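As structure tokens, the structure follows; a few thoughts come after it.
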Amino acid sequence: MAYKTIRSAAVMVALFLLIPAVLPAQQLNTVGVVNISQVYNSFYRDSQAVRDLERLRRQYQQEIDDRVRELETLRDRRFSAQEMGNTHRAEQLEDQIIEMQRFLEDLTARRRQQLNARQEQLLSDEFLRRMQNAIQYVAETEGYSLILRSDMEGLQWWSSEVDVSEKVLQRLIQISR
């Protein structure tokens, strides 16, 4: 009888010793991803500031496209001058082409910088704080232990099941009312 009691006690002690080892193994860390750009664009889709930014983006693109067409026209004229044997005119046009290419590169860089600055203004500290709070809320209520950005380099694949972008957007809309 004492043998059975000792054996039962040994089994109980072994179980108590194994429980801490088993519990952490069963705890799963859940990872989610959020596409900040998607949330931002969806949240501000109807805002005047975003519409103005998109209008400015189209305007700048049209300006660049116009300059590209001018460059193509200069190249066509240079080709025609070369075909007609007018090397002096072809050299003048080549100089204009080089100048236009430099101008176009500078214009493109300036416009990109201006658009980025405007977009940064829209991504104010207040919006980022609210978005971070929304991400934290979704993570805590849904049981995520880690949320990664899916719109940044580094993530190669993820299941749509871990994408919390829509939930973050809904939370932002909810707390903005």
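The values are calculated or read from the model by the stated rules, or taken from the named source; none is laboratory data. Fair warning: this is a prediction, and the values are worked out from it, not measured in the lab. Because the Cβ atoms are built from the backbone with ideal geometry, glycine has one as well, and the counts that use them run over all protein chains shown.
One table, with the values for the structure above:
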item: Filtered residue count, segment 132-161, keeping only those that are modelled with pLDDT of 80 or more and either surrounded by 14 or more Cβ atoms within 10 Å (Cβ to Cβ) or not in a loop (DSSP other than H, G, I, E, B) (or both); result: 17
item: Only one of ARG102, ARG89, ARG112 that is within 24 Å of VAL39 (Cβ to Cβ) and out of contact with any strand residue (DSSP E or B) (no Cβ under 6 Å at 6 or more places or on another chain); result: ARG112
item: Selected residue (only one of GLU120, GLU70 is under 30 Å from GLU166 (Cα atoms), part of a helix (DSSP H, G or I) and either at pLDDT 95 or above or out of contact with any helix residue (DSSP H, G or I) (no Cβ under 8 Å at 6 or more places or on another chain) (or both)); result: GLU120
item: The lone exception for ARG111 - which of (1) in contact (Cβ under 8 Å) with a residue 12 or more places away in the chain; (2) farther than 20 Å from ARG58 by Cα; (3) in a helix (DSSP H, G or I) it fails; result: (2)
item: Condition met for ARG77 (among the basic types (Lys, Arg) and within 30 Å of VAL33 (Cβ to Cβ)); result: no
item: Hey, GLN174 farther than 13 Å from ILE36 by Cα, surrounded by 14 or more Cβ atoms within 10 Å (Cβ to Cβ) and either of a type outside the set (S, T, N, Q) or modelled with pLDDT of 85 or more (or both) or not; result: no
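Residue-wise test of (1) at pLDDT below 95; (2) outside any helix (DSSP H, G or I).
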| site | (1), (2) |
| --- | --- |
| VAL11 | yes, no |
| ALA14 | yes, no |
| VAL33 | yes, yes |
| ARG58 | yes, no |
| ASP95 | no, no |
| GLU99 | no, no |
